[in-house]
Each structure stands twice: as structure tokens, then as C-alpha cells.
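Presented below is the structure to which this report refers.
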Amino acid sequence: MIIDPANFEGFNRVLTGVVVPRPIAFVSSVSASGLINLAPYSFFNAVAYNPPTIVFSSSRHAGDKVKDTLANIEETGEFVVNMVVDEIAEAMNRTAAEYPAEVDEFEIAGLTAVHSLLVQPPRVAESPVNMECRLKQIVPIGEGIHQHGLVIGEIVLMHVRDDIIDGHRINHDRLHPTGRLAGNMYCHTADTFQMVRPAYQPDTERVG
Ligand SMILES: Cc1cc2nc3c(=O)[nH]c(=O)nc-3n(C[C@H](O)[C@H](O)[C@H](O)COP(=O)(O)O)c2cc1C
């Protein structure tokens, strides 16, 4: 099957079905007036080491409502990415309804907001990794009701729970990161394996 995205109804479901599994950024932010917000975003990844940079993409609208996360980050330039792990996956899901800005999703999810050190938005205490971020840029993608904002943020401070880090090594058996598939489907990431990356050796690999 060959798919032309421009002429395939529901292409978004195909796209999110094939780019899998996606990590889930649980983004906390605060509005200029002080309202706290928390919501999951799986159009998310780390994209550079120096400066340490993450991106996530939010649609601007959910129906008639403007998404709080994007609006808050535009207003204040700060946010925290809390990693979603299996232990908080259900709590994460509870925050994903289109609540009005006045609703504090920490309360909805029964999660604990703890203060951050360099930015105003609080961290999720139950998440083993919190990245305090400052906004670098929001790149608009698309137009009108379909518009997304690609949020580019620099990590200014990272909190990692002691038991999941040994030197530079993150212990994934303890981290339990949750993967997003399409729609309501998720995956655990416990079934891991190793592959050693080959080094190019010009003398032995020359052909002919
Ligand atoms: C696992 C998961 C991942 C999501 N990823 C995205 C995403 O990448 N971009 C997006 O615009 N919405 C995404 N959503 C939907 C938002 O979380 C939802 O619209 C939420 O209500 C936005 O909240 P806010 O208005 O407080 O920012 C996702 C929902 C779930 C459950």
C-alpha cells in the first residue's frame, strides 16, 4: 500500500501508529497568573547534547480550547518534563482530558507537586526523572485549527532518582519507561537486548 498523506483520511492515526514506541513527556507548566498545569505529550524527544535540548509538539487547539501547556510556555518561557514510567502511567492518563485552565491536574491525578530549583513550574515527585527546561523557541507547524507548536527547550537542570543511575548509566530495569503506541495502546519496555555498534575499519573492510 502506498499512502499519500494529503489524500488519506485519518492519516494521523497511521503516522502515530508507525512512529513507535514514543516516550511520553509529562509537562508541568504555570500560567502568567499562577495556574499550575500538567499534561502528557508523546510527540517528544531529546535532540541535542550541547546545549542539552528536548522538543515536544503540541497542537494549539483541542476543539474550541487553546491547549494550556503551549499557552503557559509562551507566557512564561519555562516548563518541566517529567518522564512517564509504568508506575505513574494511569495517573498520567487521568490528566489528559481537556480540563479548563483553572483545573490543577496534579490534584486530578493524585500526584505530588514539588518545587523546582531553577524554574517556576513544579516537578512531579512520583516521576523518577524531571528536567527543568527553559524555552528556546516555538516553531509553528501548519495553520488554523491544525496548527502545532514545536516547543524547543534547553534542559537547565535534571533530577534523577538515585536508584536508577549508576555513574553515567541509567538502569532501565528500574526506570520502567512507558512507551506510547497509537490511540489507547501503550507498551512496557522491559524486554531489552544489546547490540554492539560496529567501528569502521578501512583496512579490513576495503572491497575488491
Ligand atoms: C499519552 C498521551 C500523549 C499525548 N501526546 C500529545 C502530543 O504529543 N501533542 C498534543 O498536542 N497532544 C497530546 N496529547 C493530548 C494532550 O495531553 C491533551 O490534549 C491535554 O488535555 C492537553 O492539556 P493542556 O491543555 O493542559 O496542555 C497526548 C495525550 C496522551 C494521553
| field | Residues (part of a helix (DSSP H, G or I), among the hydrophobic types (A, V, I, L, M, F, W, C) and within 11 Å of the ligand (Cβ to nearest atom)) located in region 78-98 | value | Ala89, Met92
| Taking into account only those residues within region 45-77 that are modelled with pLDDT under 95 and outside any strand (DSSP E or B), which is nearest to the ligand (Cβ to nearest atom)? | Gly63
| Do we have any residue at all in region 25-44 that's over 15 Å from Gln137 (Cα atoms), hydrophobic (A, V, I, L, M, F, W, C), assigned to a helix (DSSP H, G or I) and away from the ligand (no atom under 12 Å from the Cβ)? | no
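Residue by residue, here is whether (1) within 14 Å of Leu35 (Cβ to Cβ); (2) small (Gly, Ala, Ser); (3) touching a His at 6+ places or on another chain (Cβ under 7 Å) holds:
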{"site": "Asn82", "(1), (2), (3)": "no, no, no"}
{"site": "Glu87", "(1), (2), (3)": "no, no, yes"}
{"site": "Met92", "(1), (2), (3)": "no, no, no"}
{"site": "Ala96", "(1), (2), (3)": "no, yes, no"}
{"site": "Pro100", "(1), (2), (3)": "yes, no, no"}
{"site": "Val103", "(1), (2), (3)": "yes, no, no"}
{"site": "Gly110", "(1), (2), (3)": "no, yes, no"}
{"site": "His115", "(1), (2), (3)": "no, no, no"}
| remark: Of the residues in region 157-178, those that are assigned to a strand (DSSP E or B) and touching a residue at least 12 places away in the same chain (Cβ under 8 Å) come to Leu157, Met158, His159, Val160, Pro177, Thr178
| query | Which of (1) under 16 Å from the mean Cα position of the chain (by Cα); (2) in contact (Cβ under 8 Å) with a residue 60 or more places away in the chain is the odd one out, the single condition Glu87 does not satisfy? | reply | (1)
| request: Go through region 125-153 and give me each residue that's touching a residue at least 40 places away in the same chain (Cβ under 8 Å), among the hydrophobic types (A, V, I, L, M, F, W, C) and surrounded by 12 or more Cβ atoms within 10 Å (Cβ to Cβ). | output: Val129, Met131, Cys133, Leu135, Ile138, Ile141, Leu150, Val151, Ile152
| task | Would you check which residues across region 100-124 are surrounded by fewer than 18 Cβ atoms within 10 Å (Cβ to Cβ) and among the hydroxyl-bearing types (Ser, Thr, Tyr) and list them? | result | Thr112
| task | Could you list, in sequence order, all residues of region 1-57 that are among the basic types (Lys, Arg) and over 18 Å from the mean Cα position of the chain (by Cα)? | result | Arg13
| query | Can you spot a residue in region 23-30 that is more than 25 Å from Asp68 (Cα to Cα) and aromatic (Phe, Trp, Tyr)? | reply | no
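Per-residue answers, yes or no, for (1) crowded, with 20+ Cβ neighbours inside 10 Å; (2) touching a Ser or Thr at 6+ places or on another chain (Cβ under 6 Å):
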position	(1), (2)
Ile24	yes, yes
Ser29	yes, yes
Ala46	no, no
Pro51	no, no
Phe56	yes, no
Lys65	no, no
Glu74	no, no
Phe79	yes, yes
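The values are calculated or read from the model by the stated rules, or taken from the named source; none is laboratory data. Computed from a predicted structure; not experimentally measured. Positions of Cβ are backbone-derived with ideal geometry, glycine not excepted, and every protein chain shown enters the neighbour counts.
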